[in-house]
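Before any comments, here is the structure.
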Amino acid sequence: MTTYIVPLVLIGGLTSVGVYLLLERNLTRMLLGLLVIGNAVNLLILTVGGPSGNPPVRGRTSNGETTTADPLAQGMILTAIVISMGIAAFVLALAYRSYRLTTAEEVVNDPEDTRVSELSSRDATPVEEDRPQPEPARDTDLPDELDALPGLEGSR
């Protein structure tokens, strides 16, 4: 199988540009990043799908090809296009709603999320006496009253 370097470099470039745009705080750039990554994945599926060939319909030929094209890659690309357009519509709706509420397109940190993350990072190191200690009298292999199937002690 022959591997062509130009499509792979193009896919890598589109993916890196898409990731860069996706990491921005601007909703329009995030949307463009999603679309560029979606196109890169579609090109990747097309490249991995194999060489072109006859249509996958019995008895049809095109330009004297000897192999049949893989219909799975074409179907996956069509599905990916529909999904990416649905995601694009959803992100556009989010951007529109955000702009109507705040008249800004930049995504900022939520103050409540920031407060909760500061609290959780402060409480991340538990004190030794806060940890539950096992009771040696209860540390047996016998069933406890909290087991899922009580009353089966005699069946062992």
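The values are calculated or read from the model by the stated rules, or taken from the named source; none is laboratory data. Quick caveat: nothing in here was measured; it's all calculated off a predicted structure. Ideal geometry is used to build each Cβ from the backbone, glycine not excepted, and the neighbour counts take in all protein chains shown. Accessible surface areas use protein heavy atoms only, side chains included; no ligands, DNA or RNA. Shrake-Rupley method; radii C 1.70, N 1.55, O 1.52, S 1.80 Å.
Does ARG60 fit the bill of being under 18 Å from ALA89 (Cβ atoms) and either touching a residue at least 40 places away in the same chain (Cβ under 8 Å) or open to solvent by 70 Å² or more (accessible area, probe 1.4 Å) (or both)? Working first, answer last.
On the way: under 18 Å from ALA89 (Cβ atoms): no; either touching a residue at least 40 places away in the same chain (Cβ under 8 Å) or open to solvent by 70 Å² or more (accessible area, probe 1.4 Å) (or both): yes.
It is false that ARG60 is under 18 Å from ALA89 (Cβ atoms) and either touching a residue at least 40 places away in the same chain (Cβ under 8 Å) or open to solvent by 70 Å² or more (accessible area, probe 1.4 Å) (or both).
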- prompt: Here is a list of conditions, (1) open to solvent by 100 Å² or more (accessible area, probe 1.4 Å); (2) modelled with pLDDT of 65 or more; (3) in a loop (DSSP other than H, G, I, E, B), and GLU118 meets all of them except one; can you say which number that is?
  reply: (3)
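Determine if the stretch 68-81 includes at least one residue that is of a type outside the set (Ser, Thr, Tyr) and within 30 Å of TYR99 (Cβ to Cβ). Step through it out loud before you land on a result.
Initial filter on the stretch 68-81 (of a type outside the set (Ser, Thr, Tyr)): 69-78, 80-81.
Remaining after also requiring within 30 Å of TYR99 (Cβ to Cβ): 80-81.
Checked against the condition, which is being of a type outside the set (Ser, Thr, Tyr) and within 30 Å of TYR99 (Cβ to Cβ), the stretch 68-81 yields at least one hit.
Each row is one residue, and each column tells you yes or no for (1) outside any helix (DSSP H, G or I); (2) within 24 Å of GLU105 (Cβ to Cβ); (3) touching a helix residue (DSSP H, G or I) at 6+ places or on another chain (Cβ under 8 Å).
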position: ILE11; (1), (2), (3): no, no, yes
position: LEU14; (1), (2), (3): no, yes, yes
position: VAL17; (1), (2), (3): no, yes, yes
position: LEU31; (1), (2), (3): no, yes, yes
position: LEU35; (1), (2), (3): no, yes, yes
position: VAL41; (1), (2), (3): no, no, yes
position: GLY50; (1), (2), (3): yes, no, yes
position: ARG58; (1), (2), (3): yes, no, no
position: ASN63; (1), (2), (3): yes, no, no
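Of all residues in the stretch 90-115, how many are among the aliphatic types (A, V, I, L, M) and surrounded by fewer than 11 Cβ atoms within 10 Å (Cβ to Cβ)?
Pass one, the stretch 90-115, residues among the aliphatic types (A, V, I, L, M): 91-95, 101, 104, 107-108.
Of the ones still in play, those that are also surrounded by fewer than 11 Cβ atoms within 10 Å (Cβ to Cβ) are 93, 101, 108.
Selection size over the stretch 90-115: 3.
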